[in-house]
Amino acid sequence: MLDLITAPLVAHIAAHLGVPASAISALITTPAKGVQGDVAIPCYQLAKARGTSPPALATELAAMLATTGIQATPVGPFLNVTFAPTQVATTLLGVLAQAPLTALRTSLGAGKTACIDFSSPNIAKHLAFHHIRSTMIGNALARLYEAAGYRVVRINFLGDWGTAFGKLIAGWKRDQLTLADLAGSADKVTFLHDLYVRISNAAKQDAGVEVEARHWSKRLEDGDAEARHLWQLFKDVSLQEFKRVYALLGVDFDSWKGEAFYEDKMGPVLSELEGKGLTKLDQGALVVDLSSLGFKKPALLKRADGGTLYATRDLAACDDRWKDYQFDRSLYVVDLGQALHFKEWFAIARLLGRPYADRLRHIGFGIVLMWNDDPGEGQQPGWARVATRKGKVMLLREVLEEAIDRARAVIAEKNEEIIGEERERIAIAVGVGAVVFNDLKSGRTNDVKFRFEDALRFDGETGPYLQFAHARLCSIERKFSEAHPHAPNGDHSLLTREDEKQVLLAIARLRAALERSVESDEPSTLASALLAMAGQVASWLTNGNHDHDARILCADSGLSAARLALVRCSRACLGEGLRLIGLQAPERM
Ligand code: ARG
């Protein structure tokens, strides 16, 4: 989007140096903090090609540009350029006032498909707080990819298979439980979790339990009606709970095919590997030797007891996704702890000559640490991997609920006009938004720290801060339409202020940030660009509160209308930017 402004600059330099315009536009960056200028061009490469020094070239270019009316200054090896506010306003607002969302759309992925495997929790357990990471990084990537033109398939690869279910069924039978017991429990997933803990403890005392568990695992694998029925029940109960949390987070999926679906589809993959002579037996286990690809250890495909493993299942699932979607990219949003698993099976896909092997990406991320101020008896407050309160683990749902409660209290205090159902809606948007933004604001491979007080601040780098900036713009729009119901479309060239120009330039930088977010699967890039933009908006609006000349609703109705066009466009871009990273943008706060 910035290229609309930089095009004349680029053309002059390209003509002067006799190089293609793309060689210049690729160099354009933002000047370092505190340095004057709207864009900077580092002159290293260009100077080398011309046989001169970077500072000398910067000086030469500045002198050349002076004759064209473009204001440029050499700063060491950089050429810094400052645009005229009116030029920025007429060029950018000319486009953005008609279609503000063009700032957040690209055709990078037009005609392409991306599969995104995210969240993918194990059933019969709760969503723990750490599940926020895969769920919300994946959700943001899905929306960002869509904005970049991709067709996106959201996949929840549920962990719904394994020996745990044989054990659960054995426990169910042992305790002679009935559907009524489950239906009557206040929290069905906790009921299943407790059942699992009981039977696991019983197994420690009584070897017979393991035998029963294996027996039920076998019956489940063989499709026995009773075993399948109970398994389905456990799955339904878990999904009900998951979907409640997903609804709070605003997340949905196109496919819920979990591990169980691939149970009978792994045989062919294993035979193919064996047929191609890629496997060998290692102490009874079936493995693939990946040493030719630089791996130290072979990858396990099948245990000595015949149980198939995670890698085999992921391969089978990927074949299926390839058949269904012919994806251009397939992302796996899973913590960095599983990096080796993905490296291994991506390598096996390559050995098998799968056409999709180069399209797979593991989108790893760091852990989330929570500030536990009340961790329970004998424990010191501090950062911990497991969120606890009074010695009890806090689930994702509980963390969200607490954030919502805190947001509700702040809103009640800040704005007493907001009541009832509206207040509830806004409390959810702000509470959830605070938790989600905290997770997305820094690079995904970093570990993240979460503390309620920090995430919920209305100033600083938080979700509520961005949401508040949006609500502030909405409120100006409301006031304006009351004051001037039939306002004309303003003359954009009246926007001559530096702060207005900076808002527009920050908006114009959003598209490149979106593209970089998609290319590096990094929602934080857009998150940072939104913070930068909201910062420019905030100082503009604050100037307007203090300085008569900067007021949006001013005596000059043409100027007011032009400023309002900028308000509208900022509001639309901020709202859309928030949506793309998975936050709601309430109109009042
Ligand atoms: N269910 C797994 C877990 O909880 C995550 C699955 C990730 N997706 C995948 N295709 N392996 O660790």
**Asked** Plugging the Kirkwood radius over Cα pairs into Stokes-Einstein for segment 512-585, at a temperature of 20 °C and a viscosity of 1.002 mPa s, what D comes out in µm²/s?
**Response** 157
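Specify whether the C-alpha gyration tensor of the chain places it in the rounded, prolate or oblate class, a ≥ b ≥ c being the square roots of the eigenvalues: rounded for a/c under 1.5, otherwise prolate if a/b is larger than b/c and oblate if not.
It comes out oblate by the Cα gyration axes.
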**Message:** If packing is taken as the average number of other Cβ atoms within 10 Å across a peptide's residues, how do 563-573, 79-89 rank, most packed first?
**Reply:** 563-573, 79-89
**Carbon and sulfur %, accessible surface of the chain computed with the full protein complex present, 1.4 Å** = 52
**Value in Å of the Kirkwood radius, where segment 102-186 supplies the Cα pairs that are averaged** = 15.9
**Message:** Rounded, prolate or oblate for segment 53-93? Axes are the square roots of the Cα gyration tensor eigenvalues, ordered a ≥ b ≥ c, and the cut-off for rounded is a/c under 1.5.
**Reply:** prolate
**Message:** I'd like to know which of L494, W345, P85 lies farthest towards the positive end of the charge dipole of the chain, counting +1 on Cβ of Lys and Arg and -1 on Cβ of Asp and Glu.
**Reply:** W345
**Prompt:** Restricting to lysine pairs 8 or more places apart or on different chains, what number in segment 191-271 have Cα atoms under 29 Å apart?
**Reply:** 11
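Only Cα pairs under 8 Å and at least 6 apart count here; give the relative contact order of the chain as a rounded whole percent.
It rounds to 16 percent for the chain.
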**Complete:** Tilt, helix 396-414 to longest principal axis of the chain (alpha-carbon atoms), in degrees rounded to tens, equals 40
**Item:** Cα-based helix-to-principal-axis angle, 523-546 vs the chain, degrees rounded to 10
**Value:** 40
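When averaged across all projection directions, what area in nm² does the alpha-carbon convex hull of segment 272-383 cover? Don't skip to the answer; put the middle values down first.
Numbers: hull surface 42.9 nm².
Averaging across all directions leaves 10.7 nm² for the Cα convex hull.
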**Message:** Please report the net charge: other residues with Cβ closer than 12 Å to the Cβ of K218, K and R +1, D and E -1.
**Reply:** -3
**Asked** Can you give the direction-averaged projected area of the convex hull of the alpha-carbon atoms in segment 454-575, in nm²?
**Response** 7.9
**Message:** Taking the 0 to 90 degree range and rounding to the nearest ten, how far is the long axis of helix 131-147 tilted relative to the main principal axis of the chain, both from C-alpha atoms?
**Reply:** 50
**Message:** Let me understand segment 299-354 better: what is its radius of gyration from the alpha carbons, and its Dmax, in angstrom?
**Reply:** 12.0, 37
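A 26 angstrom limit on the alpha carbon distance is what I want to check against. Which of K167/K449; K173/K302; K302/K392; K167/K276; K33/K441 exceed it? Mind showing how you got there, number by number?
Details: K167/K449 35 Å; K173/K302 29 Å; K302/K392 37 Å; K167/K276 36 Å; K33/K441 19 Å.
Over 26 Å Cα-Cα: K167/K449; K173/K302; K302/K392; K167/K276.
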**Message:** Using helices alone, I'd like the mean residue ellipticity at 222 nm for the chain: each DSSP H run of four-plus residues gives -39500 (n - 2.57), total over residue count, nearest 500.
**Reply:** -17000 deg cm²/dmol
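Per-residue counts of other Cβ atoms within 10 Å, averaged by peptide: what ranking do you get for 253-262, 103-112, highest first?
253-262, 103-112
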**Request:** Pop the C-beta distance of A56 and A99 into the FRET formula with R0 = 56 Å and round what comes out to the nearest 0.05.
**Result:** 0.85
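Over all alpha-carbon pairs in segment 356-469, figure out the percentage whose distance exceeds 18 Å.
Details: 3634 of 6441 pairs.
Tail of the P(r) past 18 Å holds 56 percent of the pairs.
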**Asked** Hey, rough spin-label estimate for R361 and R151, points 7 angstrom out along Cα→Cβ, what's it come to in nanometres?
**Response** 1.9
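For the chain, give the magnitude of the charge dipole about the Cα centre (Cβ charges: +1 Lys/Arg, -1 Asp/Glu; no others), in debye to the nearest 20.
On the way: 69 positive and 71 negative charges, 193 e Å.
For the chain, the charge dipole is close to 920 debye.
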**Asked** If you roll a 1.4 Å probe over the heavy atoms of the protein chains, what accessible area per residue do you get for the chain, in Å²?
**Response** 44
**Request:** Could you check what % of the DSSP bridge pairs in the chain are antiparallel, to the nearest 5?
**Result:** 55
**Request:** Go through A317, A260, A11 and say which Cα lies farthest out towards the positive end of the charge dipole of the chain; charges sit on Cβ, +1 for Lys and Arg, -1 for Asp and Glu.
**Result:** A11
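Taking the highest mean first, how do the peptides 194-205, 338-349 order by number of other beta carbon atoms within 10 angstrom per residue?
Numbers: 194-205: 15.0, 338-349: 18.7.
So the peptides 194-205, 338-349, ranked by packing, come out 338-349, 194-205.
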**Prompt:** Does segment 165-287 classify as rounded, prolate or oblate by the C-alpha gyration tensor (a ≥ b ≥ c root eigenvalues; a/c under 1.5 gives rounded; else a/b over b/c gives prolate, otherwise oblate)?
**Reply:** oblate
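The values are calculated or read from the model by the stated rules, or taken from the named source; none is laboratory data. Predicted model only: the values in this text are computed from it and were never measured. Note: ideal-geometry Cβ built from the backbone for every residue, glycine included; neighbour counts use all protein chains shown. We work out accessible area using only protein heavy atoms, side chains counted, and drop any ligands, DNA or RNA first. Shrake-Rupley method; radii C 1.70, N 1.55, O 1.52, S 1.80 Å.
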